[in-house]
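> Starting off with a structure, shown below.
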Amino acid sequence: SRRKTGAADLLPPGARAQLDAAFDAAFAAVEACTDPEHGRRRCDLFLELPNRRDYPDYYVIIRHPIAIKVIRRNVKAHRYASVADFHRDWRLMFDNARTYNEEGSLVYDDACALQRALEAALSTATGDDYASPMGSQPLPAPPAAVAADAPPAAPAVHPAAPGTDGNEPGDAGI
């Protein structure tokens, strides 16, 4: 069976190369972001969507779940025509995390730190200011490509493991 490859890239190769460079810088910054207290990578809790069986309420509370794995897949499929589109999905993921998790929890704090790292990398890579407020703004609508073409399980906020408050070093984030 053949795998669907998606639509052809509509951007000229030079423009795609510039976008890919900004996207690569953003992924590198997110992956390098660690918790100084525990030395763990903050992004690990955001790599995949929460398990529906373990966190059924997540999918009731979060209308447009998305995770790093989905964003990476969208990059490979050339679904982002701009850095702003790419940034919008990351913001959705971080906002989801802050919506589902309590302020001050490990996951909430990780979302804030990762957003700062991502936006600094995007600002440096593009020369534009990508800093944005955290926490109190309404969730943005998902891009049409994600809503129409992405698999039903897209990354979202990462809940703490059952029976924990999300503040212990071994707690699961998703």
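We did not get these values from a lab; they are worked out from the coordinates using the rules stated. Owing to the predicted nature of the structure, the values given are computational and were not obtained by experimental measurement. Glycine gets a Cβ as well: all are built from the backbone with ideal geometry, and neighbour counts include every protein chain shown.
> Under a point spin-label approximation (7 Å from Cα along Cα-to-Cβ), what is the Asn51-Asp24 distance to one decimal in nm?
Between Asn51 and Asp24, the label points sit 3.6 nm apart.
> Among the GluC sites (Glu not before Pro) in segment 58-126, which ones are in a DSSP loop with at most 13 other Cβ atoms within 10 Å of the Cβ? Mind listing them?
Passing both the DSSP loop test and the Cβ count: Glu102, Glu103.
> Amide H to amide H under 5 Å from Thr34: which residues, 5+ apart in sequence or cross-chain, H placed 1.01 Å off N in plane?
Arg42
> I've got another one for you. Could you point to the residue in Ala81, Ala117, Tyr100 farthest towards the positive end of segment 70-124's charge dipole, with +1 and -1 charges on the Cβ of Lys/Arg and Asp/Glu respectively?
Farthest towards the positive pole: Ala81.
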